[in-house]
1. Across the range 55-93, which residue is nearest to the ligand (Cβ to nearest atom) among those that are among the aliphatic types (A, V, I, L, M) and part of a strand (DSSP E or B)?
2. Criterion first (out of contact with any helix residue (DSSP H, G or I) (no Cβ under 8 Å at 6 or more places or on another chain) and either of a type in the set (G, A, S) or over 20 Å from M433 (Cα atoms) (or both)) does P119 satisfy it?
3. Do we find a residue being part of a strand (DSSP E or B) and under 29 Å from C180 (Cα atoms) anywhere in the range 94-112?
4. Assess whether M213 counts as being buried (at least 17 other Cβ atoms within 10 Å of the Cβ) and in contact with a Cys (Cβ under 6 Å, 6 or more places away or on another chain).
5. Can you pull out the residues in the range 344-388 that are part of a loop (DSSP other than H, G, I, E, B), among the aliphatic types (A, V, I, L, M), touching a residue at least 60 places away in the same chain (Cβ under 8 Å) and out of contact with any strand residue (DSSP E or B) (no Cβ under 8 Å at 6 or more places or on another chain)?
6. For K352, only one of the following conditions fails: (1) modelled with pLDDT under 95; (2) surrounded by fewer than 19 Cβ atoms within 10 Å (Cβ to Cβ). What is its number?
7. Please work out which residue is nearest to the chain's Cα centre (by Cα), limiting yourself to the range 173-222 and to residues that are acidic (D, E) and closer than 20 Å to N65 by Cβ.
8. Kindly evaluate A216 against the criterion of being among the small types (G, A, S), assigned to a loop (DSSP other than H, G, I, E, B), in contact (Cβ under 8 Å) with a residue 60 or more places away in the chain and within 16 Å of the ligand (Cβ to nearest atom).
Amino acid sequence: MGRFVQFLWSSLACGVACVASEDCAGADCSDASAVLQHKTKAKGRSTHSHGGRECSKPYPFIWDNDANYDDTLALLYLAHSENLDWKAITIESDGMGTPHGGPTNIAAAASLVGLGDVPIAMGGLSSLSPIATMPLQWRLETDEFFERMFRGGILDETDRAIVDLTAAQLIVKILNESACPVVILTTGPATNVAEALDMDPSIAGNIHGIYMMGSAYGVPGTNNVYDWQMTYNGVKGSCTEDGGQTYTGLSPPLNRSGVVSAIRPECRGVDMTAHGDTEWNVFMDVRAWHMVYGFLKDLPADHVYVLAANATLNMPVTLEEMEEYAATLADPGLRIFVTELAKAFLAAGEAKWWDAQCAVVMDQVLSGLKQGVCSNWFEDKLTSVSLVWRSNLTDGELNPYGSVYDDEDAHAPPIDYCLDGNVTQMWEVYWPMVNQTG
Ligand SMILES: [Ca+2]
């Protein structure tokens, strides 16, 4: 579906409450590069105005991410959305991207798509509940992919946009200073958002909407944390007793035959393939998700959206499909970039459109097209994120840690969960936007 058709559909679907993007017509916000010049007016929190022209589209926007391949695919789309007035990109250090490489990798990708002036902040080094990370080797391979793109002249190395504030500080600053409510998309462990809310809980009141990628909510059996992801080349390190990665690259530390053992097999002794009931973004920082839900508990309905793992099950990344669509892109550099990205992504094991789908779903919701790439919503659900870890599990029993479950007494706002995706519409919307022909 082209952008014009999408706009028509949006106009028809929108009620009077929906402010059309032409409200923001003119030099200040007619395209992505001009949007960069559309700076947030620094007014005190007391002046937050939710009505009037200044709060129409594009919405002030913060993208929090962990610099993974699917985050990068999300960026290629988001860069051209007319719904967004980019204020910041904050990088999770405890997800897929390395703490040092993730920010500059995303800075380069942002520059490629015309967002080189958007401030980028680095996140804290650790999860707030460190149990597991992505295998270190996968994280290094992500950096190596970006390095190949630098050497090949596809991306420019840059740290120009990286600011001195931490991710949490920048989120707090933007939410405090923005005259209009801010849209937040988090496509990582949510650590930065949790730290920001912890730093200043009042910022919750200036959130227009928050969109989160993660959880195995709603459909039993959609856990995507597997035991095979805890090792790389036979070496443990992704889920150790202290959640660090001390051992990767060395011989396996586990002494299976002796009395003394450095770490238990599997994930702290639990085979997550058999007993997991969670999803990686939640699993990497369960406390962060728990905190975000808690800090946002007073938000009314239609403010918090979560795209659960099941929604992307029918959207694997395949090289054949990626090459087919890449060939339709006008920009030859972009063509190479997405094809090479797909190859690197596939080398890391399971590769799905997770974050890119969440980005498109958010954009559609902001356009008044809630039923679209997300084809099935569970709305206004009261849910909790379990912090309980169990190690001694019987056959078929699930480890509650990181599970999201229905709970009438939840310390959380009503949340809309996206549980199914429309793969046909995803391609119709995603690729024309990336190609700027939509
Ligand atoms: Ca991500």
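1. First, pick out the residues of the range 55-93 that are among the aliphatic types (A, V, I, L, M): 62, 67, 73-76, 78-79, 84, 88-89, 91.
Those left that are additionally part of a strand (DSSP E or B): 62, 84, 88-89, 91.
Details: I62: 15, L84: 18, A88: 16, I89: 12, I91: 10 Å.
The extreme case among them is I91.
2. no
3. Scanning the range 94-112 turns up no residue that is part of a strand (DSSP E or B) and under 29 Å from C180 (Cα atoms).
4. On the way: buried (at least 17 other Cβ atoms within 10 Å of the Cβ): yes; in contact with a Cys (Cβ under 6 Å, 6 or more places away or on another chain): yes.
Here the answer is yes, as M213 does meet what is asked.
5. Taking the range 344-388 and keeping what is part of a loop (DSSP other than H, G, I, E, B), we get 348-351, 353, 367-373, 382, 386-388.
Filter once more, so that each one left must be among the aliphatic types (A, V, I, L, M): 348, 351, 369, 373, 382, 387-388.
With touching a residue at least 60 places away in the same chain (Cβ under 8 Å) added as a condition, the list becomes 348, 351, 369, 387.
Correct list: A348, L369, L387.
6. It is condition (2) that K352 fails.
7. To start, the set of residues in the range 173-222 that are acidic (D, E) comprises 177, 195, 198, 200.
Subset that is closer than 20 Å to N65 by Cβ: 195, 198.
Numbers: E195: 16, D198: 20 Å.
The extreme case among them is E195.
8. Numbers: among the small types (G, A, S): yes; assigned to a loop (DSSP other than H, G, I, E, B): yes; in contact (Cβ under 8 Å) with a residue 60 or more places away in the chain: yes; within 16 Å of the ligand (Cβ to nearest atom): yes.
Taking the combined requirement at face value, the residue satisfies it.
The values are calculated or read from the model by the stated rules, or taken from the named source; none is laboratory data. Keep in mind it's a predicted model, so treat the numbers as computed, not measured. Because the Cβ atoms are built from the backbone with ideal geometry, glycine has one as well, and the counts that use them run over all protein chains shown.
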